[in-house]
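Novice: I have a structure I would like to understand better, so I am pasting it below and will then ask my questions one at a time.
The values are calculated or read from the model by the stated rules, or taken from the named source; none is laboratory data. Everything numeric here is computed off the predicted structure, so don't read it as measured data. Positions of Cβ are generated from backbone atoms using ideal geometry, with glycine treated the same way; all protein chains shown enter the neighbour counts. Protein only, heavy atoms only, side chains kept; ligands, DNA and RNA dropped before computing areas. Shrake-Rupley method; radii C 1.70, N 1.55, O 1.52, S 1.80 Å.
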Amino acid sequence: MSSLGYSPVSTHSAAEDRPNLIGQVGTRGSGRTLVLNGHLDTKPAGDESEWETGPYDPVLRDGRLHGLGATDMKAAVAAMIHAGAALLETGALDGTIKVVLTADEEAGSRFGARFLAGHPDAAADAVLVGEPTGMEEPWAYLAVASRGISCFRVTTRGTQMHSSLSDHVPSVNASVKLARVLSCMAAEFRPRYPADPRVPGGPTVNLGVTLSGGVYFGVYPGQAEFGIDVRTVPGMTHDRLRGDLEAFLDRLRDEDPELDVSAEPVPNLDWFPPSAIDPDHSLVAAAQHATRTVLGRELPLGTMPAFTDGTHWHLAGMACIPALGPGSLLRAHRANEYVVVEEALEAARIYALTALRYLNGPPSPVEHPPPNPPAQGGREQRQSEDPALRSS
């Protein structure tokens, strides 16, 4: 970043071995400030034998870049860095870009955006997070909301004893009771949420993300538990979600007097709220203009299915597009991750045009003298009336 002209470039750390990086270009002290945000960490590679190329060995093949983090989200990080450098080279910026690269997002952002949001060096008028918004097709939508996350552990208790006695004395199998709770929740548990036509999509309840029960062979199960990962949408609250869960378990208790079940929030994962930006915000308008210019089509507004650092910027009081980036979420968190190289190049152009449009504002109408009549047999040639597009 320093070699590309960013100044200052600084690190900020909540822990010495987890540094975050902030690089700045622009006018400083006047005009708006826009943060382009990406994270540098990845999920673990998992079983490396499942990778056709090594997860830590970036390979270019058939127009794709293969490797761990290629789509989530190193392509966006590279695009942001070069977008800022390109705008610096043009000298056209009327404002400041801060490229904020965080060391921790995949494990809860404690050392990343949760630490940086509200820090003076990361302050801005608005933020764009470059998480991948492709699905089956690239650039599937422009996220004006992202889902939050709330995690619980559901525990059943039974009769722990010698397993040979289960047909001799009254007993309750905690694992069997847990199985019934899990099955009923999969079929029937639907938490309430406020529908908003501007932010399509509802919550997702992911059951059994963790699962355990019993002690060992020969021991009748006295306790069992499973984890729930709820992806929440704007308008939901932790109290209401917890109330919906307790009401559902109360119904199961009424149906089965032997059922001893409880649900408790998971510490540090109990509630990260969803985030949203007003679809009429000027940053959204700038991003729509940029994607339309680069891709030649209008992107629908949508909701990012996953949680993003947009929540932390939103809670710090900054308007934030929670996701707009190259790559597909379908290829993240799994073996053989890759990104299409052309999408990374498109991202750099989209980020540059978005920043230019947001920081400089839309161009003023240009008055043209009456055109000369076109030469016979020829066509009238017209320049773009958008200086932002010309300078890009």
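Novice: If I model a spin label at D57 and S164 as a point 7 Å from the Cα along the Cα→Cβ vector, what separation in nanometres do I get?
Specialist: Label-label distance for D57 and S164, simple model: 5.5 nm.
Novice: Would you work out which of V340, A276, G69 lies farthest towards the positive end of the dipole of the chain? Charges go on Cβ: Lys and Arg +1, Asp and Glu -1.
Specialist: A276
Novice: Further question on the same structure: Treating only the Cβ of Lys, Arg, Asp and Glu as charged (+1, +1, -1, -1), what charge dipole size does the chain show about its Cα centre? Round to the nearest 20 debye.
Specialist: So the magnitude is around 700 debye.
Novice: Can I ask one more? Carbon-plus-sulfur fraction of the accessible area of the chain, 1.4 Å probe, in percent?
Specialist: 51 percent
Novice: Could you tell me which residue out of A285, S212, G317 lies farthest along the dipole of the range 205-340 toward its positive end? Charges go on the beta carbon: Lys and Arg +1, Asp and Glu -1, centred on the Cα centre.
Specialist: A285
Novice: Something else: Taking the Cα atoms of the chain alone, what are Rg (to one decimal) and Dmax (as a whole number) in Å?
Specialist: Here Rg and the maximum Cα pair distance are 25.6, 104 Å.
Novice: Which order do peptides 344-353, 91-100 fall in by mean Cβ count within 10 Å, highest first?
Specialist: Taking the mean over residues of other Cβ atoms within 10 Å, the ranking is 344-353, 91-100.
Novice: Once you put a point 7 Å from the Cα of V209 and another 7 Å from the Cα of A179, both along the Cβ direction, what distance in nm separates them?
Specialist: 2.5 nm
Novice: Among P363, A45, T156, whose Cα projects farthest towards the positive end of the dipole of the chain, with charges put on the beta-carbon of Lys, Arg (+1) and Asp, Glu (-1)?
Specialist: Projecting each Cα onto the dipole axis, the largest value belongs to P363.
Novice: Hand me the GluC sites (Glu not before Pro) from the range 1-59 located in a DSSP loop with no more than 16 other Cβ atoms within 10 Å, in residue order please.
Specialist: Answer by residue number: E16, E52.
Novice: I've got another one for you. Using the Cα centre as the reference, give the magnitude of the dipole from point charges on the C-beta atoms of the range 1-101 (Lys, Arg: +1; Asp, Glu: -1; all else neutral), rounded to the nearest 20 debye.
Specialist: So the magnitude is around 600 debye.
Novice: Counting alpha carbon pairs within less than 8 Å and at least 6 residues apart, what relative contact order, in whole percent, applies to the range 85-204?
Specialist: 12 percent.
Novice: Out of the DSSP beta bridges found with both residues in the chain, what percent are antiparallel (nearest 5)?
Specialist: 70 percent
Novice: What fraction, in whole percent, of alpha-carbon pairs in the range 172-287 exceed 24 Å separation?
Specialist: That tail contains 39 percent of the Cα-Cα pairs.
Novice: Which whole number in µm²/s is D for the range 45-122 by Stokes-Einstein, with the Kirkwood Rh taken over Cα pairs at 4 °C and 1.567 mPa s?
Specialist: The calculation lands on 85 µm²/s.
Novice: Beyond 18 Å, what share of the Cα-Cα pairs of the range 54-96 is found? Please give it as a whole percent.
Specialist: Value for the range 54-96 (Cα pairs over 18 Å): 44 percent.
Novice: What FRET efficiency comes out for E342 versus E106 if R0 is 25 angstrom and r is the Cβ-Cβ distance? Round to the nearest 0.05.
Specialist: 0.45
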